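The values are calculated or read from the model by the stated rules, or taken from the named source; none is laboratory data. Since we're looking at a predicted model, the values are computed, not measured. Reconstructed Cβ throughout: ideal geometry from the backbone, glycine too, with neighbour counts over all protein chains shown. Each accessible area value is taken on the protein alone, full model and side chains, heavy atoms only, with ligands, DNA and RNA left out. Shrake-Rupley method; radii C 1.70, N 1.55, O 1.52, S 1.80 Å.
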Amino acid sequence: MKAFAAIAALLAAAPAGAAQRFAVIAGNDEGAQGRARLWYAERDADRMASAVRELGDFAPDNVVVLRGKNAAEVRAAIAGLDARVLQAKAGGERTLLFFYYSGHAGASGLELGASRLPYEELRALINGSAADTKVAIVDACDAGRFTQSKGATFTASVDFALPTDEVEGTAFIASSAAGEAAQESSAIGGSFFTHHFELGLRGAADADGDGQVTLAEAFRYTSVRTTSGTAATEAGPQHPTYDIRMSGRGDVVLADLRRAEATLRLPADASATFIVRGPKNLLAEIPGSKDALALALPAGRYTVERRTPSGYATTEVDLERADVRTLPMLSPTTRYDRARQKGGPAPLVAFAGGGITMAPLPGFGFAPAVRAGVRKELGDLGLRIHAEVARKDVSDDGLRYSFWSASGAAALVMPLLDGTIFLEGGLLGGYTFASQSVSAGASYTGGGPIAGGVLQATTRLGSIRLGLDLQAEARFFRLNDATVVRPGASLSLVALFNP
C-alpha cells in the first residue's frame, strides 16, 4: 500500500530530458458474441489520451491510441514501445509505461471484439516491459480479477506514505471489483470511472488546491464519485480496486494543472454543484468546495451552471489559450421547473375520473360526466389532452328529452403552486358534439368549438395523485341560424397515474 503514491513520480512535471513517458490507450465498443455494443468505450479512450497528453507530460508521439482494435494489435503496441523504452533508458532517462483499456471484459480477460486478452497475459506483458515504472488501468466489467492477487486492495479511503528510493515497479488499477459491472451513462457521455478519473486529473481531485493532482487525490476522488454515482443504478455500486508492487521516492504528482491550455477557477461554494459543458464533448459535474477549485480545460466556449437547492444560474465563459479565468459568484436566477424535480410528475401521466358538467340549455342544471386524458411535459409547460362524456334526462317546461355530449380538448398548462398541493392551470381549446332526443322521437344534433381555461389541483396519495379538475369555457354553436356563445363548466374528481 505504501508504494501506491510513488507511481505518480514519473507522471509529475519534471526537467526536460529527465523522464520519458509512453502510453498505450485502447477502447473497443464491441465485445464477445452476444454482448451489447457499448456506447462510449472508444470515446473514453480518446478522452484519456487527451488528458494525459495535455496534463501528464506525455509527448504526442509517445501515445498510441487503439480504437476498435483486437487483442493482437494491443499486444503488438505494448511490445512495440519496448525498443523506445530501452533507448530512453540507455540515454539515462527514467521511463514510464502507462496502459489504459475501456471496453468489455469477462472472468477470463479483456474482450476486444471477437478476440481475447487474458488478465494473466496482460499482467505479464506489463510486468515484462523494460520501463522502470508500469501503470495499467482497466475500466471494464469484472476488472477486479485483473487486480486479484495477494495485496490487492478495495477501498475509497487512500492514504499513502512515500517510499524511500527511486520509483520502480508496477501498479494495476481496475474500475470495478471482481464480479461487479462497470457501467457507462448517457447522461455523462462515458463510463463512470473514466469520466471521474479524467475530471480528477483536470483539477476536481485537487483537494489541497496546490495546482497539482497526486495519485492518491485522483484515486480517492474517482473511487468516491464512482461508487456514489452508481449506487442508485440497476447494476448497483461499483468499487475501484488496485494492486501495487512498487518502491521509490519523488514528487507524487499525477497531473500538473499548469500544463493546461486554459484554467477556469470555481469559487469557494460548498453548497453548490457546478455543471460544466464545453468542447470535445466535455461534461463535468463538480461538487462545490469550501476552497476555490481550479479546472484545467481545453480552450473553447463553456456553459457553466451553478445548482443549489433554491435554484440555478447559468453563464457562458470563453477560454482562450493560456487564459486563467475566475468564475464570478452566481446567484440563483431560475427556479427549477417541475419536470426536473425529484418526485415530480412523470414525463407522461394519465388521469381519469368523474364529476359534473353544465351545458348552456334552459333547465339543464348539471349532468354526470366521465373525464380521461394524458399529460406530457414540454420543458416549463405541460401539454394535456382529454375527453369528456356526459348524459342526462332533462325536463324543460314539460318538454322531456335525453341529452348526451362528447367533447375533446387540448390545453397548455404551467405550475402555479408547488408543495403538498400541486396546482397548475392554462388555456384550452377543443370541440363539443351534442345530441338531444325528444320523447316523441325527434332528434337534434350539432357541435361547435370551445375555448377557455383549466385548473387542476392534486396531492399525492400512495402511488397515485388525487385531485380536482375544473374547466370553464365559452361554447360556440348555431341557434336559429345565428352563431351564439354560451358559458359552460365542469368539475371532476380525478386520479393521476403513470400509464
(request) Tell me which residues, restricted to segment 25-51, are free of Cβ contacts under 8 Å to residues at least 60 places away in the same chain, out of contact with any Ser or Thr (no Cβ under 6 Å at 6 or more places or on another chain) and of a type outside the set (D, E, K, R). (result) GLY34, ALA36, ALA49
(message) When you check ALA49 against the structure, is it among the hydrophobic types (A, V, I, L, M, F, W, C), under 20 Å from ILE188 (Cα atoms), in contact with a strand residue (DSSP E or B) (Cβ under 6 Å, 6 or more places away or on another chain) and open to solvent by less than 60 Å² (accessible area, probe 1.4 Å), yes or no?
(response) yes
(request) Evaluate the following for LEU112: is it over 22 Å from ALA182 (Cβ atoms) and buried (at least 24 other Cβ atoms within 10 Å of the Cβ)? (result) no
(message) Looking at SER228, SER289, SER223 in this structure, which one is of a type in the set (Gly, Ala, Ser), out of contact with any His (no Cβ under 7 Å at 6 or more places or on another chain), modelled with pLDDT under 90 and open to solvent by less than 30 Å² (accessible area, probe 1.4 Å)?
(response) SER223
(request) Can you tell me which residue among ALA152, ALA140 is farther than 21 Å from ASP46 by Cα and modelled with pLDDT under 95? (result) ALA152
(request) Among what's in segment 461-491 and is assigned to a strand (DSSP E or B) and modelled with pLDDT under 80, pick the residue that is surrounded by the fewest Cβ atoms within 10 Å (Cβ to Cβ). (result) ALA482
(request) Just name the residue that is most open to solvent (accessible area, probe 1.4 Å) out of those in segment 1-36 that are charged (D, E, K, R) and modelled with pLDDT under 90. (result) LYS2
(request) Taking the residues in segment 259-286 that are touching a helix residue (DSSP H, G or I) at 6+ places or on another chain (Cβ under 8 Å), assigned to a loop (DSSP other than H, G, I, E, B) and among the charged types (D, E, K, R) as candidates, determine which candidate is surrounded by the fewest Cβ atoms within 10 Å (Cβ to Cβ). (result) LYS280
(request) Sort through LEU417, LEU428, LEU399 and tell me the only one that's open to solvent by 50 Å² or more (accessible area, probe 1.4 Å), in contact with a Gly (Cβ under 9 Å, 6 or more places away or on another chain) and of a type in the set (A, V, I, L, M). (result) LEU399
(message) So for segment 62-76 (the condition being in a helix (DSSP H, G or I) and under 20 Å from ASP256 (Cβ atoms)), does at least one residue qualify?
(response) yes
(message) Given the criteria in a strand (DSSP E or B), out of contact with any Ser or Thr (no Cβ under 7 Å at 6 or more places or on another chain), under 18 Å from SER492 (Cα atoms) and open to solvent by 40 Å² or more (accessible area, probe 1.4 Å), does ARG384 qualify?
(response) no
(request) Considering each residue of segment 81-98, count those that are open to solvent by 60 Å² or more (accessible area, probe 1.4 Å) and part of a helix (DSSP H, G or I), and give that number. (result) 6
(request) Could you tell me whether any residue of segment 424-443 is closer than 22 Å to GLY355 by Cβ and acidic (Asp, Glu)? (result) yes
